[in-house]
Amino acid sequence: MSTIGVRTATWLVTDLDGTLVGRDLRIVQRNLGALRRFTEAGGEVLLATGRGEDSALPYYRELALSTPAILYNGARVVDLSTGTVLRRRCLNAAAWARLTLLFGDLPEGVDPVVFSDGHAHVRVETRTLRDYARRDGIELVRVASWGALPFDGIIKVMLICERPGLIDPVERMAAGTVPGVTLVRSEDTYLEVLPDGATKGTALRELAAARGVPMSRIAAIGDNPNDIDMVQAAGLGAAVGDGHPGVLAAADVVVGACASGAVADLVDRVLP
């Protein structure tokens, strides 16, 4: 808990979906006012999300940010005000080759989305994929074959399941087939295959070191397993009250539910 009247965090790092943003895909109104109060007190707000540039940009603009954004669950750090890529990781060629083979063995109801060159690529468009694209505000680009994509430019792959019961067997398949990658769950139906070592926590540590911000001066908040290492890395790690049990167990503090203004609760702790 912070000392009364003293801002105890230089950076406040927040996940988007299920944390800052509610089910209606809008920033929870109470969070907007709290983050404005935090920046007016001299703090900086950073986004850390599984979304890419186009999908995160509307929220970045609504918050009037000028800070780097951690995107693709840590595979990229981008200055969204200019589009400049500050840090990037891509899947290695061997992992990408193994993934293309895995795609042919995926159970029915599991569809891959491949992110490269700023686009989300698919072979076919299913209802599940269209629902995902609508939620994230992105356009799906169909490709004739996975071989048409640059083997050295794959940012991440999402394996999207039409129901939660599919994600456990799909994760076992991926873990046993594709070495040299990081696997994270960003929703109960989303398994993300990321470059080796690419996580929100790793990206945050690297960015903080580059900017000279001690981890002890960073507060971070999230709700899903892909947020766990970021929450653990921060000096004050917070879990959204209705988030995944793993995040609640990893956090220093548990705040309110997303819809009630979880991020605002964290601001109240670091800026009384």
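Here, each number is a calculation from the coordinates, and none is a lab measurement. Worth saying up front: this structure is predicted, and the values here are computed from it rather than measured. Neighbour counts are summed over all protein chains in view; Cβ atoms, including those assigned to glycine, are modelled from backbone coordinates with ideal geometry.
Annotation: extensible slack from ASP196 through ARG61 equals 45.6 nm (criterion: 0.36 nm per residue apart, minus Cα-Cα distance).
When each of the peptides 221-227, 187-193, 150-156 is scored by the mean number of other C-beta atoms lying within 10 Å of its residues, the order from highest to lowest reads 221-227, 187-193, 150-156.
Note: relative contact order over the stretch 26-85, using C-alpha pairs below 8 Å and six or more positions apart, is 29 percent. When +1 charges are put on Lys and Arg Cβ atoms and -1 charges on Asp and Glu Cβ atoms, the dipole computed for the chain relative to its Cα centre reaches about 500 debye. Would you please give the FRET efficiency between MET215 and ASP117, computed as 1/(1 + (r/R0)^6) with r the Cβ-Cβ distance and R0 = 45 Å, to the nearest 0.05? The computed FRET efficiency comes out at 0.85. Helical runs (DSSP H, four residues minimum) scored at -39500 (n - 2.57) apiece and divided by the length of the chain put the mean residue ellipticity at 222 nm at -10000 deg cm²/dmol. Put a plus charge on the Cβ of each Lys and Arg, a minus charge on the Cβ of each Asp and Glu, and nothing anywhere else: the dipole of the stretch 51-186 about its Cα centre is then about 180 debye.
For the peptides 9-16, 142-149, 23-30, the ranking by mean Cβ contacts within 10 Å, running from highest to lowest, is 9-16, 23-30, 142-149.
Ellipsoid fit via the Cα gyration tensor, the chain: semi-axes of 32, 18, 17 Å, each the root of five times an eigenvalue, largest first.
Annotation: extensible slack from VAL85 through ALA144 equals 18.4 nm (criterion: 0.36 nm per residue apart, minus Cα-Cα distance).
The rule of thumb for compact globular proteins, 2.2 N^0.38 Å, goes into the C-alpha radius of gyration of the stretch 93-195 0.97 times. Fully extending the segment from GLU206 to ARG127, taken as 0.36 nm per residue of separation minus the present Cα-Cα distance, adds 24.7 nm. Scoring 167-175, 101-109, 55-63 by mean Cβ neighbours within 10 Å over their residues and listing the highest first yields 55-63, 167-175, 101-109. Determine the sum of side-chain charges near VAL263: Lys and Arg each +1, Asp and Glu each -1, restricted to other residues whose C-beta is under 12 angstrom from that of VAL263. So the surrounding residues net to 0.
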